[in-house]
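The values are calculated or read from the model by the stated rules, or taken from the named source; none is laboratory data. Keep in mind that what you see is a predicted model, and the values were worked out from it rather than measured. All Cβ positions, even for glycine, are placed from backbone atoms using ideal geometry, and neighbour counts span all protein chains on display.
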Amino acid sequence: MGSEAIAGRLVGALRREHSVPEQLGLAGVGAAAASFVYPAASHATGLGLPCLLRTLTGIPCPLCGMTTAATGLAAGDVRTALAANPFVLVLAAGTLWMTVLLAARTVGLAPAPVRWSDAARRRIWWAVGVLAAASWAFQLHRFGWV
């Protein structure tokens, strides 16, 4: 396959409608890139990203610590990442999987996405809910609420 054919596939992949998991994977790639840039930007400006819920109420949200976890993971400091929010590993694994899948779809090694059944959608939403609840329980424990 020539470079023109690959470029054509890339343009086609960017133009087609992406599934929700693909969109989340792309958002994860953006967040991963930001986790490499954020520490320097934060240090240079002195600005941080506070949790709105925790700032207003004192109660941590399920994603509290995710910025620290992502930047720790990006820096190779797994201990800091796990201490801040161990669910960063779930998000990192999902992002890695979707990145590989998108690349495979772009070059024609994997088929285009198919619509999920209603039962599959319900299972995914339940899984997301359970992970969010577990993350919130971790954060509540971490900050001494439980």
Of the residues in segment 53-68 that are on the phi < 0 side of the Ramachandran plot and either loosely packed, with under 10 Cβ neighbours inside 10 Å or modelled with pLDDT under 90 (or both), the one that is nearest to the chain's Cα centre (by Cα) is T55
Which one of these is modelled with pLDDT under 90 and surrounded by 13 or more Cβ atoms within 10 Å (Cβ to Cβ): T71, T106, T95?
T106
Those residues that are surrounded by 14 or more Cβ atoms within 10 Å (Cβ to Cβ) and farther than 23 Å from A32 by Cα, I need them from segment 109-146; list them, please.
P113, W116, L140, R142, F143
Scan segment 100-121 and give yes if some residue there is outside any helix (DSSP H, G or I) and under 15 Å from the mean Cα position of the chain (by Cα), otherwise no.
no
Look at segment 42-52 and say how many of its residues are modelled with pLDDT of 90 or more, more than 20 Å from the chain's Cα centre (by Cα) and not polar (S, T, N, Q).
1
V37 versus (1) closer than 20 Å to A137 by Cβ; (2) assigned to a helix (DSSP H, G or I); (3) of a type outside the set (G, A, S): which is the lone unmet condition?
(1)
